[in-house]
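Each remark here refers to the structure printed beneath this line.
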Amino acid sequence: MTRVVLVDDNESILNALREYLTLHQGIEVAGTTNSARNAIDLIEYLQPDLVITDLNMPEISGLELTRQLRQLHPHLSIIVLTGTETPQHRKQALDAGADAFLGKMSALTSLVTTIQELGAPQLH
């Protein structure tokens, strides 16, 4: 079972992602937050396998959240899911430590496939 935390400032997107992902066996949405600032504490508390974060958020951007999470939790898988799908944003997200960069316009099946590829926790 891959435990996932969702981070997006748009409640509608959070709800839609949560509902969609809960339909897939092997994926558990452990928690959601609409604040990158709150995400750090939530992730520390829930200890998920994977985080899906938006890129553009108030207070702390998804890039900064990714950098901080990579330092705090080096084995945590991180997917940046964004409506800002430029090559520059992709490079910035991957350079910040994201394992994958997906556009919100991508088919949701791409998201599920990426989660499955990153998989449940591995012994390090």
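Please treat every number below as a calculation from the coordinates, not as lab data. Keep in mind it's a predicted model, so treat the numbers as computed, not measured. Please note: Cβ atoms are built from the backbone with ideal geometry, for glycine as well, and neighbour counts cover all protein chains shown.
When only C-alpha pairs under 8 Å and at least 6 residues apart count, what is the relative contact order of the range 39-111, in percent? Rounded, it is 30 percent for the range 39-111.
Contact order, relative form, for the chain: 24 percent (alpha carbon pairs under 8 Å, 6 or more residues apart, mean separation divided by residue count). The calculated FRET efficiency for residue 10 paired with residue 88, based on their beta-carbon distance and R0 = 25 Å, is about 0.70. Recomputing semi-axes √(5λ) of the Cα gyration tensor in Å from the coordinates shown identifies the correct label among (1) 20, 17, 15; (2) 18, 17, 15; (3) 24, 16, 13 as (2).
Around the amide H of residue 27, modelled in the peptide plane, lie the amide H atoms of 2, all under 5 Å away and 5 or more residues distant in sequence or on another chain.
In order along the range 50-61, the phi-based Karplus estimate (6.51 cos²θ - 1.76 cosθ + 1.60, θ = phi - 60°) of 3J(HN,Hα) comes to 8, 10, 10, 10, 6, 8, 9, 9, x, 6, 10, 6 Hz; Gly and Pro are listed as x. Between residue 20 and residue 64, the simple label model (points 7 Å from Cα in the Cβ direction) yields a spacing of 2.7 nm. Under a Gaussian network description of the chain, with springs only between Cα atoms under 10 Å, the residue in 99, 49, 41 that fluctuates furthest is 41.
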